[in-house]
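This report concerns only the one structure given below.
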Ligand code: GDP
């Protein structure tokens, strides 16, 4: 058995098996009501031929190509309340999306706070973060300008995009931006 294993470890052989690459996690943070669950569903189900896998209430999955390899993308809500305290669930390999509503200034302030919270943890220190101004269709009730969102993102060293999940505007661009942030991983051996 040992000899057949060792003769079988050609470069790339492990990653050619489906599911050999660990899932990429995209963690969604933001105030309640800004559109996180709608965005998660859209990010995981936009291709018609693509079945969205609902892993649990707030985790969605899809497969896609990352650096020429088939990979699983998991999109999940990134915090939970514990005794009234917010706990962010980011891990060191994640990509983080922090969402606010352009029609609700308080959600923008919350997004900025959450960014600081993520950066203050060991695992979140160096994560790629995308700041997302959602509900861009609500032009008449806009409270945060495009420039302000963009300027804040650049001050915080984040990527930035405005989306309308309701109109599915810029959601594909967001997904493409996310995929570019994913760092290719080697195959996970032995599983
Ligand atoms: P979550 O609490 O952050 O997960 O927010 P949801 O995804 O549950 O969305 C909250 C509400 O905002 C729902 O009624 C959505 O239909 C609505 N919503 C989400 N995205 C948009 C958007 O881009 N534009 C508008 N007008 N409404 C949106």
- Task: Pull up the range 50-64, narrow it to residues that are touching a strand residue (DSSP E or B) at 6+ places or on another chain (Cβ under 6 Å) and within 14 Å of the ligand (Cβ to nearest atom), then point me to the one that is modelled with the highest pLDDT.
- Result: 60
- Message: Please go through (1) loosely packed, with under 15 Cβ neighbours inside 10 Å; (2) farther than 20 Å from residue 60 by Cα for residue 150 and return the number of the only condition it doesn't satisfy.
- Response: (1)
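Conditions tested, residue by residue: (1) at pLDDT 85 or above; (2) surrounded by 14 or more Cβ atoms within 10 Å (Cβ to Cβ); (3) in contact with a helix residue (DSSP H, G or I) (Cβ under 9 Å, 6 or more places away or on another chain); (4) assigned to a strand (DSSP E or B).
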position: 3; (1), (2), (3), (4): no, no, no, no
position: 18; (1), (2), (3), (4): no, no, no, no
position: 29; (1), (2), (3), (4): yes, yes, yes, yes
position: 33; (1), (2), (3), (4): yes, no, yes, no
position: 43; (1), (2), (3), (4): yes, yes, yes, no
position: 48; (1), (2), (3), (4): no, no, no, no
position: 73; (1), (2), (3), (4): yes, yes, yes, yes
- Residue check, residue 139 within 25 Å of residue 92 (Cα to Cα) and out of contact with any helix residue (DSSP H, G or I) (no Cβ under 6 Å at 6 or more places or on another chain): no
- Query: If you check every pair at least six apart or on different chains, which have Cβ atoms under 8 Å apart with a residue in the range 173-191 that is farther than 15 Å from residue 93 by Cβ first and a residue that is at pLDDT below 90 second?
  - Reply: 175/46; 189/14; 191/20
- Message: Quick check on my filter: what residues within the range 98-143 are within 11 Å of the ligand (Cβ to nearest atom) and in a strand (DSSP E or B)?
- Response: 99, 100, 101, 132, 133, 134
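The values are calculated or read from the model by the stated rules, or taken from the named source; none is laboratory data. Note that this is a predicted model, so its numbers are computed, not measured. Cβ sites come from the backbone with ideal geometry, for glycine too, and all protein chains shown count toward neighbours.
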